[in-house]
Amino acid sequence: AKLQQRTGYLHFSRSMGIDIRERVNMMHALRAAFEERHLFVVYQPQIDMVTRLPVGAEALLRWQTEDKTMISPSRFIPIAEYSGLIIELGEWVLRQACQELVRIQRHGFPNFMMSVNVSQVQFRHPHFLSMLRKALEDTNAPPHCIELEITESMAMEEPDALIKLLDQITETGVSIAIDDFGTGFSSLSHLQKLSVDRLKIDRAFVMEITDSSRGSSIAEMIIQLGRNLELDIIAEGVEDERQAKILTELGCPYGQGYLFSKPLTSDALHDWLRTHKT
Ligand code: C2E
Ligand code: CA
Ligand code: CA
Ligand code: CA
């Protein structure tokens, strides 16, 4: 019995080991990439779908390995969260985004907004708020032009602590968007208690918009919900004119997606903005 237990254990740890080893390898590679500056931030324009003018951008992290392979953030962000590196990494992204915002505003876009993704690991960190205040102070970024994107699942957790933190963030002037909205199950009554400024319709619901789904689409329900709660709305993953047209008709004023622009490097964003001025 003892032997069986042992082999059972060994078998268990060995099969787990593959996954863990892979994760550990990636963890080391990610840390090295961060230190060697192989990570960079790209910016995807957010536009007013009626005027078609840029109103802001979302900062998105990129990892290009030495052999030029791009590793998707959906693969490495979980590793960064698991290892705790996300604390440093997230702060770095925020500071990069703040600096970029200051540059863009100086170049003729005084009201430009910058959205930054925040991981739940960062969000739960006791120094999150002081980190945010310090980043704003050091970069001179105007807080009212910064938006933090938290996911709907994060917005559903431990109500009291969350309500307090969102209130404190709002006091700094920074606004809050709920990302991937519609993928969770947050109730109207819960949402009402949160200091949230904007809902971001998940790409999955933008994809399923068709003329025939009009009047019953999840996107339309989210737009209605936003209206009832007096929240701003933006749609992500807008890929074609038809989606943009229907979303606009349904009352969604802002959009982000390949139809308007892919995420751009800092230089490419400045070029893009130059050709999209009033
Ligand atoms: P997300 O926050 O939902 O970001 C939107 C994703 O959709 C981005 O993928 C973007 O490149 C992609 N996208 C934008 N427009 C379109 C479109 O029209 N069609 C399609 N098919 N895709 C579009 P990306 O950059 O690969 O990022 C994936 C996820 O990784 C993000 O999803 C976000 O959850 C996470 N992520 C990225 N950067 C950061 C970061 O700095 N911090 C944290 N915590 N998470 C990040
Ligand atoms: Ca996002
Ligand atoms: Ca999203
Ligand atoms: Ca999404």
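The values are calculated or read from the model by the stated rules, or taken from the named source; none is laboratory data. Being a predicted model, the structure only gives us computed values, none of them experimental. No Cβ is skipped: glycine too gets one built from the backbone with ideal geometry, and neighbour counts run over all protein chains shown. Just so you know, the surface numbers come from the protein's heavy atoms only, side chains and all, with ligands and any DNA or RNA stripped out. Shrake-Rupley method; radii C 1.70, N 1.55, O 1.52, S 1.80 Å.
Can you name every residue in segment 189-205 that is closer than 18 Å to LEU165 by Cβ and more than 13 Å from ligand 3 (Cβ to nearest atom)?
HIS190, LEU191, GLN192, LYS193, LEU194, SER195, VAL196, ASP197
Considering segment 1-59 alone, what residues qualify as being of a type in the set (Ser, Thr, Tyr) and at pLDDT below 95?
Listed by number, the residues that qualify are THR7, TYR9, SER13, SER15.
Which of the residues that make up segment 29-62 are acidic (Asp, Glu) and either touching a helix residue (DSSP H, G or I) at 6+ places or on another chain (Cβ under 8 Å) or open to solvent by 40 Å² or more (accessible area, probe 1.4 Å) (or both)?
The answer is GLU35, GLU36.
Which one of these does GLU208 not meet: (1) open to solvent by less than 20 Å² (accessible area, probe 1.4 Å); (2) within 16 Å of ligand 3 (Cβ to nearest atom); (3) farther than 22 Å from LEU61 by Cβ?
Against the list (1) open to solvent by less than 20 Å² (accessible area, probe 1.4 Å); (2) within 16 Å of ligand 3 (Cβ to nearest atom); (3) farther than 22 Å from LEU61 by Cβ, GLU208 comes up short only on (1).
Of everything in segment 163-183, what is more than 14 Å from ligand 2 (Cβ to nearest atom) and farther than 23 Å from ALA97 by Cβ? Give them in sequence order.
ILE163, LYS164
Considering only residues that are within 15 Å of ligand 3 (Cβ to nearest atom) and out of contact with any Gly (no Cβ under 7 Å at 6 or more places or on another chain), look in segment 233-259 and name the one that is nearest to SER175 (Cα to Cα).
Across segment 233-259, the extreme among qualifying residues is TYR254.
Search segment 224-250 for residues that are within 16 Å of GLN44 (Cβ to Cβ) and pair each with any residue that is of a type in the set (Ser, Thr, Tyr) when their beta-carbon atoms are under 7 Å apart and the residues are at least 6 apart or on different chains.
ILE234/TYR254; GLU239/TYR258
Only one residue in VAL102, VAL121 is out of contact with any strand residue (DSSP E or B) (no Cβ under 8 Å at 6 or more places or on another chain), open to solvent by 30 Å² or more (accessible area, probe 1.4 Å) and aliphatic (A, V, I, L, M), so which one is that?
VAL121
Just to be sure, is THR170 free of Cβ contacts under 8 Å to residues at least 40 places away in the same chain, within 27 Å of ARG62 (Cα to Cα) and not aliphatic (A, V, I, L, M)?
Criteria not met by THR170.
Would you mind telling me which numbered condition in (1) within 22 Å of GLN44 (Cβ to Cβ); (2) open to solvent by 20 Å² or more (accessible area, probe 1.4 Å); (3) basic (Lys, Arg) LYS193 fails?
So LYS193 meets the others, but not (1).
Restricting segment 250-262 to residues that are surrounded by fewer than 19 Cβ atoms within 10 Å (Cβ to Cβ) and closer than 13 Å to GLY237 by Cα, which is nearest to ligand 1 (Cβ to nearest atom)?
Applying the filter and picking the extreme gives TYR258.
Might you check whether a residue that is aromatic (Phe, Trp, Tyr), out of contact with any Asp or Glu (no Cβ under 6 Å at 6 or more places or on another chain) and in contact (Cβ under 8 Å) with a residue 12 or more places away in the chain occurs anywhere in segment 177-184?
no
Could you run through segment 218-239 and say how many residues are open to solvent by less than 50 Å² (accessible area, probe 1.4 Å) and either in a helix (DSSP H, G or I) or acidic (Asp, Glu) (or both)?
Residues in segment 218-239 being open to solvent by less than 50 Å² (accessible area, probe 1.4 Å) and either in a helix (DSSP H, G or I) or acidic (Asp, Glu) (or both): 7 in total.
Looking at segment 263-278 only, could you name the residues that are at pLDDT below 95 and either open to solvent by less than 80 Å² (accessible area, probe 1.4 Å) or touching a helix residue (DSSP H, G or I) at 6+ places or on another chain (Cβ under 7 Å) (or both)?
Once the filter is applied, which keeps residues that are at pLDDT below 95 and either open to solvent by less than 80 Å² (accessible area, probe 1.4 Å) or touching a helix residue (DSSP H, G or I) at 6+ places or on another chain (Cβ under 7 Å) (or both), segment 263-278 yields only HIS276.
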